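For reference, the structure discussed in these notes is given below.
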Amino acid sequence: MKPSESIKPISYLKAHAAELIRDVSSNQKTLVITQNGEAKVILQDVKIYEQTQESLALLKMLAQSTKSLKAEKHKPVKQAFTDLRTRIEETRK
C-alpha cells in the first residue's frame with residue numbers, strides 16, 4: 001500500500017466510515033487519520049492490533065531478561081526447575 005493511501009482526513013472518515021472499516025478489516029490495513037493536517041489517530045484491523053500487542057509483550061520480556069542477566073539476577077536452569085518442583089510440592093501439602 002502506498003503511504004499516500006494510508007492517510008485520510010477525519011472528514012473522509014466521517015463520510016466513508018463503513019467503507020473504511022470494511023477495507024481496513026478485509027485487507028488488514030492500518031490507516032492514519034488526520035485532523036487539521038496533523039496525525040491524530042490510527043484505524044487498524046483488530047488482528048493486526050493483537051499481533052502488535054503480542055510482539056510488544058515479547059519484546060518487554062526479552063528486555064527484562066536481558067536486564068536480569070546484566071544485573072546477574074538469574075540462576076541455572078536446573079536450580080530453577082528444582083525450586084519450581086519444591087514450590088509445587090509445598091502447595092500440595
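Overview of results
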{"quantity": "Pairs with Cβ under 7 Å, 6+ apart, first in the range 52-69 and part of a helix (DSSP H, G or I), second surrounded by 10 or more Cβ atoms within 10 Å (Cβ to Cβ)", "calculated": "S68/H74"}
{"quantity": "Count - residues of the range 18-40 that are part of a strand (DSSP E or B) and either in contact with a helix residue (DSSP H, G or I) (Cβ under 6 Å, 6 or more places away or on another chain) or surrounded by 11 or more Cβ atoms within 10 Å (Cβ to Cβ) (or both)", "calculated": "7"}
{"quantity": "Subset of the range 62-93 [of a type in the set (A, V, I, L, M) and surrounded by 10 or more Cβ atoms within 10 Å (Cβ to Cβ)]", "calculated": "L62, A63, L69, A80, L84"}
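Just so you know, all these numbers are worked out from the coordinates, no wet-lab data involved. Treat the numbers as computed from the prediction; the structure is a model and nothing was measured. All Cβ positions, glycine included, derive from the backbone under ideal geometry; neighbour counts span all protein chains shown.
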